[in-house]
Amino acid sequence: MTALRGHPVRGTFVHAPERGALEVLADAILLIGAEGNIRLVARPGEPDHERLAQRSDLMTLPAGQVVIPGLVDLHIHAPQYPQLGRALDVPLEVWLGQHTFPLEAAYADPDFARTRYTVLVDDLLASGTTTALYFATVHREASLLLAEICLDKGQRALVGKVAMDDPAACPADYRDASPEAAISETRAFIDAVRALPDNDRVLPVVTPRFIPSCTDAALAGLGKLAADCDCHVQTHCSESDWAHGHVMARYGMSDAEALDRFGLLTRRSVLAHSVFLSDSDMAIVQSRGTGIAHCALSNMYFGNAVFPLRRALDKGLNVGLGTDISGGPSGSMLEACRATVQASRMLEDGVDATEPASTRGVPQSRVDMLTAFHLATAGGGNALDLPIGLFRPGYQFDALVIDPDAPDGTIRRFGETDPSQLIEPILYTATRPNIARVYVSGSQVAGHA
Ligand code: GUN
Ligand code: FE
């Protein structure tokens, strides 16, 4: 079952169109178009179901397997993969200067970049990440290489050449030479990604690293460039006490306000972290339709606080989830879902046992696993303004076939068969061997035959 394009596929599909709720399409048939889009969703009893069930090219999934939408990693630093699980005991600003910038600087060498990016993309696909919004490095050539590797391996990707030009904040051997260079190199990168042969899946992203590493001239020029090129934007926003305080001290306003003034908050912008957003910041972000990449695991190390996810969702912000490799020491979006639920529970209950329960936490902060699942799929797709994350006509068929009974896997069931009862155990306990096959736009990109 390698290519589903052009075929009807029969099985049990589970997705989460709304937060906190599942839709189970039991024994449904999806007709996949020649471009990998979903053309029809037919449920048992419907005339289309009867008709498609007769087709000689029907592909039927083995009983017991469950199909879920592909996972969308809304914030990941591709070059930091070699540092996964290292250097997590220092604050963000020390981590960047002592560990992260020196590692990223090595991507000036395309051979160094190629080996590491290849392993990363293979690992992410095998882990079920069908779409990733990547920060690459400051280097145009290696960033383009990442885009090519994603294209070659079949991942849906949005890739940013990182812009960072402030000599006061960035090392001499790892920065754009000037604001003009940050802008012209970004423009050249956008053009190069768009010109890649047969590129139907990889998009360029305007990527100012974060305000502390950029000059005003670069930030303003990149905001204008994003509008001129009609491009996605990504950056970090109010991640930690230090990062939040830096912007306040520099402009006398919040990160979100400052980014907005530079024209960097659009419907296709994604702000990583945003832990310290005020209510008025959330109102700005909501009014622009800008997305938030919530990175719960990373925030435990570098965020100094827990992002008020439930408040953001109640205010109608477009939120998805990110691993933030290597600020977060796992590339698995299933782990990101787990951390999201756990962090929200810590925020609700509070953490200091010497405080009375009544004042220890922030009431009504918890989210459940089904909400995390929604955010990791449909939420990420919505934040990117792409038709992914749902089994609906018009959406791309990006999907994971989960085998709950894979012998090397970690899901254990004792007779339960109801998919709606199985989905939480899948999300909590699945590991890579349970991900039998991975599809992007109807083509198999990982898993066994
Ligand atoms: N802020 C600026 N750069 C980075 C980065 O690489 N990782 C994280 N977590 N925060 C950042
Ligand atoms: Fe980050």
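We did not get these values from a lab; they are worked out from the coordinates using the rules stated. No experiment lies behind these values; they were computed from the predicted model shown. FYI the Cβ positions are ideal-geometry reconstructions off the backbone, even for glycines, and counts take in every protein chain you see.
Return the loop-located trypsin sites (Lys or Arg not before Pro) in the stretch 200-271 (DSSP other than H, G, I, E, B) with at most 15 other Cβ atoms within 10 Å of their own Cβ; answer none if there are none.
Values: sites: ARG201, ARG209, LYS224, ARG250, ARG261, ARG267, ARG268; in loops: ARG201, ARG209, ARG267, ARG268.
For trypsin sites (Lys or Arg not before Pro) across the stretch 200-271 that sit outside H, G, I, E and B with at most 15 neighbouring Cβ atoms in 10 Å, the list reads ARG267.
With Cβ to Cβ distances under 13 Å as the rule, what net charge do the other residues near ARG140 carry (K, R +1; D, E -1)?
Value of the local net charge: -3.
All other residues with a Cβ under 13 Å from the Cβ of THR118 taken together, and with Lys, Arg as +1 and Asp, Glu as -1, what is their net charge?
Overall, the nearby charge balance is -2.
Tell me which lysines have Cα within less than 23 Å of LYS224's Cα, excluding those fewer than 8 residues away on the same chain?
LYS161
May I ask you to order 357-367, 389-399 by the average number of other C-beta atoms within 10 Å around their residues, highest value first?
Sorting 357-367, 389-399 by mean packing, highest first, produces 389-399, 357-367.
May I ask you to list the trypsin sites (Lys or Arg not before Pro) in the stretch 71-135 that are in a DSSP loop and have at most 10 other Cβ atoms within 10 Å of their Cβ?
Filter output for the stretch 71-135: empty list.
According to the square roots a ≥ b ≥ c of the eigenvalues of the Cα gyration tensor, what is the shape class of the stretch 72-192, taking rounded for a/c under 1.5, prolate for a/b larger than b/c otherwise, and oblate for the remainder?
Working: a/c = 1.90, a/b = 1.20, b/c = 1.59.
Oblate.
For n ≥ 4 DSSP H runs only, could you compute -39500 (n - 2.57) per run for the chain, divide by its residues and tell me the 222 nm figure to the nearest 500?
The per-residue figure over the chain is -10500 deg cm²/dmol.
For the chain, just list the percent of Cα-Cα distances falling in each 10 Å bin from zero outward, please.
Spelled out bin by bin, the chain gives 5, 22, 32, 25, 13, 4, 0 percent.
With a 10 Å radius around each residue's Cβ, average the other Cβ atoms per peptide and rank 150-158, 346-354, 273-281, highest first.
On the way: 150-158: 22.3, 346-354: 13.1, 273-281: 20.6.
Descending mean neighbour count gives 150-158, 273-281, 346-354.
Do any cysteines in the chain lack another Cys Cβ under 4.7 Å, and if so which?
Isolated Cys, the chain: CYS150, CYS170, CYS214, CYS237, CYS295, CYS337.
Sum up the charges of everything whose Cβ sits under 14 Å from the Cβ of THR266, counting Lys and Arg as +1 and Asp and Glu as -1, but leave THR266 out.
With Lys, Arg at +1 and Asp, Glu at -1, the net is +1.
DSSP loop (so not H, G, I, E, B), at most 14 other Cβ within 10 Å: list which trypsin sites (Lys or Arg not before Pro) in the stretch 1-70 pass both filters.
Sparse-neighbourhood loop trypsin sites (Lys or Arg not before Pro): ARG55.
Could you give the distance between the Cα centres of the stretch 118-156 and the stretch 235-286, to the whole Å?
Using only Cα atoms to place each centre, the spacing works out to 27 Å.
What whole-number distance in Å separates the alpha-carbon centres of the stretch 334-383 and the stretch 33-111?
After rounding, the separation between the Cα centres reads 22 Å.
Specify the angular offset, from 0 to 90 degrees and rounded to the nearest 10, of the alpha carbon long axis of helix 333-349 from the longest principal axis of the alpha carbons in the chain.
70 degrees
Given a Förster distance of 22 Å, report the FRET efficiency between ASP230 and ALA181 from their Cβ-Cβ distance, rounded to the nearest 0.05.
Between ASP230 and ALA181 the formula returns 0.50.
Work out the charge dipole of the stretch 192-233 with +1 on the Cβ of Lys and Arg and -1 on the Cβ of Asp and Glu about the Cα centre, then indicate which of ALA226, PRO197, CYS214 is farthest towards its positive end.
CYS214
List the aspartates and glutamates whose Cα sits under 12 Å from the Cα of LYS315, skipping any in the same chain fewer than 8 residues away.
ASP279, ASP281
Two decimals is fine: what's Rg over Rh for the stretch 1-42, C-alpha atoms, Kirkwood radius as Rh?
1.03
Note down the magnitude of the dipole of the chain about its Cα centre, charges +1 on Lys and Arg C-beta and -1 on Asp and Glu C-beta and zero elsewhere, to the nearest 20 debye.
Working: 37 positive and 54 negative charges, 141 e Å.
Rounded to the nearest 20 debye, it is 680 debye.
Could you tell me what percent of the DSSP beta bridges with both partners in the chain are antiparallel, to the nearest 5?
Antiparallel bridges make up about 45 percent of those DSSP assigns within the chain.
Placing +1 on the Cβ of each Lys and Arg and -1 on the Cβ of each Asp and Glu in the chain, which of ASN37, ALA16, ALA147 has its Cα farthest towards the positive end of the resulting dipole?
ASN37
Taking the Cα atoms only, what angle lies between the long axis of helix 179-194 and the longest principal axis of the chain, rounded to 10 degrees?
20 degrees
Compare the Cα positions of MET333, ALA108, VAL306 along the charge dipole of the chain (+1 at Cβ of Lys, Arg; -1 at Cβ of Asp, Glu; about the Cα centre) and return the one farthest towards the positive end.
After comparing all options, I get MET333.
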